[in-house]
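The values are calculated or read from the model by the stated rules, or taken from the named source; none is laboratory data. Note that the coordinates shown come from a computational prediction; the quantities given were computed from them, not determined experimentally. Because the Cβ atoms are built from the backbone with ideal geometry, glycine has one as well, and the counts that use them run over all protein chains shown.
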Amino acid sequence: MKIGIVSLGCAKNLVDTEIVLGFLQKAGHEFVSDAQQAEIIIINTCGFIAEAKEESIDSIFEMAALKKAGNCRGLIVIGCLSQRYSEKLWQEIPEIDGILGSNELDLVPQVVEEVARGRRLRKIRGALFDYNQVYPRVSTTGGHLAYLKIAEGCSHRCAFCVIPKIRGPYRSRQPSVILEEAGQMAQNGVQEIAVIAQDTTAYGRDLGTGIEDLLADLAKVPIPWLRLLYTYPTAISDTLLDIIGREERIVKYVDLPLQHVSKPVLRRMKRPGDYEANLRLVEKIRERIPGVVIRSSFIVGFPGEREHDFQKLLQFLEEARLNHVGIFKYSREENSSAYKLQPQIAFAVKKERQQEAMARQRQISLELNRQLVGKTVDVLLEHVSTESELVLLGRHQGQAPDVDGCVYVGRGSLEPGRIVPVKITEAHPYDLVGEVVENEFT
C-alpha cells in the first residue's frame, strides 16, 4: 500500500516518525512523497504550543481534502496532539479514520490495515512505548545526519510546559542500546549525530550513570561530528564541558535554553538561574571550550513579565553576545501551571517584544558572523538549493540542523553528504556564503 507521511514538530518527534516508517517498511508498504498519490496518509502531530497545534490541525484538514480529491482512502493521526486531545479530535474531525497517541508507534501498521478495510478506530493505551530497543528506522534527513534520542519524557515542572503530561516522566535509554544504534549510524555513513532528549543533561540519573559517561563513549564511535543538543543550565558540569572541549569528534557547540534572565520571571516559570548566574555560565562555557558557539532560546510575554524584565533580557543579549538565539512568544497552554497566572500579557505586547529582541539579536549575530569572513571552516553539505541547482546548502560546526542558519556553496561537481573546507566570503545575520577550497579538498 502507498503511504504518505507528514512529520511535524521537533527532532524528537521526527525520530518517532522514522521508527514508524521502519515498522511500515517491515510490513511491506511503499512510501510516496506526493500526498496526492498516497492511499493512506499519516500525520505525526505536535501539540506543544498554540502555533504548533494550529499547524497540526491545518495539516489534518489539508490532508483530509485528499480523501475527495486524491487517492487517499484513510487518514491516520498520531503523536503529541492526538495524545493530548484524542477524544476531542475523534469527536470533532470525522475525516480522521485512525487515531493513536505518542506511545502506539508499533501499532501503526495494524491500524493502517484496519483503516484500509474501512474501519474507523482509536487506540490510546496506558503503557509507555519501549525505547530500549534499536528499531529499524527509515532516514528522513538525507543519510548524512541522524538524530539519536537518548531519553524520552521529562520530569522538570516548568510552568509553561505540558510535555511531562504528554510524554510522561523522564526515561533514559540503556547506554548499550544507544551505543549500538550509534554504531549502526556510523556503518550507514552518517556524518553527524545530533544527540537529543527533552533534557540531555538529565540522562542516566535514573540508571546510576550520567551524560558525561555516555558522551565520552559516543565520542569513540567513528562519526565525524557529534552534537549535543537540549541541555539544562544547572546540569552543565565542568566535566561535561571538558569532554566537549577535549574530544575531537564533538562539535564545539552548546545548546543552552535559558528561557529568561529576570529572576522574578524565572521563578514564576519554575526555572533556575538569574541574570548574573546565566552570564557566569556563558562565560564559563567560553573559558572551558575555546571557540565555542552558543545557542539559547527565550520566552517573552510570560505572565507578569514587566517592561523592566524585558529590558533586562535585551541587556543580557547585548552583554552575552550569543551566536544564535530563538525568541518565542509565550503560549498559554491549558493544564500548565502557568495557565492561571496573572497578569497575562496582551498578544500585541508579546509580538512587539519578540520583534524587538530578534532585531537586537540579528545585529549581534551579523557582527559575529562577519568575524568568519576570510576564514576556512569545514562544512557538511546537505542538499541542493531549491532556488538553484548550482548551489548547495550546508552547515559548519557552529550551525545546528533546522534551528540555525546555513552556508551557501557553489555546487560544481560536489554532491550532498560530504564534509568539505569552505572559505567564507559573505556574512548575513543567519546565513553565510562561501567557496570550496579546492587545494584542501580531496
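In table form, for the structure just shown:
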| quantity | calculated |
| --- | --- |
| Qualifying residue in region 132-155 (condition: more than 18 Å from the chain's Cα centre (by Cα), assigned by TED's automatic domain parsing to the domain that holds Glu333 and either more than 15 Å from Ile19 (Cβ to Cβ) or surrounded by 15 or more Cβ atoms within 10 Å (Cβ to Cβ) (or both)) | yes |
| Any hit, region 52-72, residues being under 23 Å from Gly168 (Cα atoms), outside any helix (DSSP H, G or I), at pLDDT 90 or above and not assigned by TED's automatic domain parsing to the domain that holds Gly153 | no |
| Qualifying positions in region 82-133 - of a type in the set (Gly, Ala, Ser), closer than 20 Å to Gly9 by Cα and part of a helix (DSSP H, G or I) | Ser82, Ser86 |
| Among (1) surrounded by 21 or more Cβ atoms within 10 Å (Cβ to Cβ); (2) within 20 Å of Pro136 (Cβ to Cβ), the one test that Cys80 misses | (2) |
| Residue in region 392-399 that is in contact with a strand residue (DSSP E or B) (Cβ under 7 Å, 6 or more places away or on another chain), buried (at least 17 other Cβ atoms within 10 Å of the Cβ), over 30 Å from Ala159 (Cα atoms) and touching a residue at least 40 places away in the same chain (Cβ under 8 Å) present | yes |
| Residue in region 243-255 that is surrounded by fewer than 21 Cβ atoms within 10 Å (Cβ to Cβ), assigned by TED's automatic domain parsing to the domain that holds Ile178 and within 24 Å of Phe298 (Cα to Cα) present | yes |
| Test: residue in region 134-145 that is among the aliphatic types (A, V, I, L, M) and modelled with pLDDT under 95 | yes |
| Members of region 320-351 that are part of a helix (DSSP H, G or I) and surrounded by 13 or more Cβ atoms within 10 Å (Cβ to Cβ) | Ala320, Val349, Lys350, Lys351 |
| The listed residue being surrounded by fewer than 17 Cβ atoms within 10 Å (Cβ to Cβ) and either charged (D, E, K, R) or farther than 19 Å from Ser155 by Cα (or both), out of Thr209, Thr239 | Thr239 |
| Residues of region 212-250 satisfying the condition of being touching a Lys or Arg at 6+ places or on another chain (Cβ under 6 Å) and either closer than 30 Å to Lys329 by Cβ or among the basic types (Lys, Arg) (or both) | none |
| Helices (runs of 4 or more DSSP H) enclosed by region 142-259 - at least 2 residues per element that are hydrophobic (A, V, I, L, M, F, W, C) and in contact with a Ser or Thr (Cβ under 7 Å, 6 or more places away or on another chain) | none |
| Qualifying strands (runs of 3 or more DSSP E) (wholly inside region 374-442; at least 1 residues being under 28 Å from Arg286 (Cα atoms), under 21 Å from the mean Cα position of the chain (by Cα) and at pLDDT 95 or above) | 376-384, 391-396, 407-410 |
| Residue match in region 176-191 (condition: surrounded by fewer than 19 Cβ atoms within 10 Å (Cβ to Cβ), aliphatic (A, V, I, L, M) and closer than 27 Å to Ala64 by Cα) | no |
| Of residues in region 400-441 being exposed (fewer than 15 other Cβ atoms within 10 Å of the Cβ) and of a type in the set (Phe, Trp, Tyr), the one farthest from Gly189 (Cα to Cα) | Tyr430 |
| Qualifying residue in region 262-272 (condition: touching a strand residue (DSSP E or B) at 6+ places or on another chain (Cβ under 7 Å), closer than 26 Å to Leu372 by Cα, crowded, with 16+ Cβ neighbours inside 10 Å and not hydroxyl-bearing (Ser, Thr, Tyr)) | no |
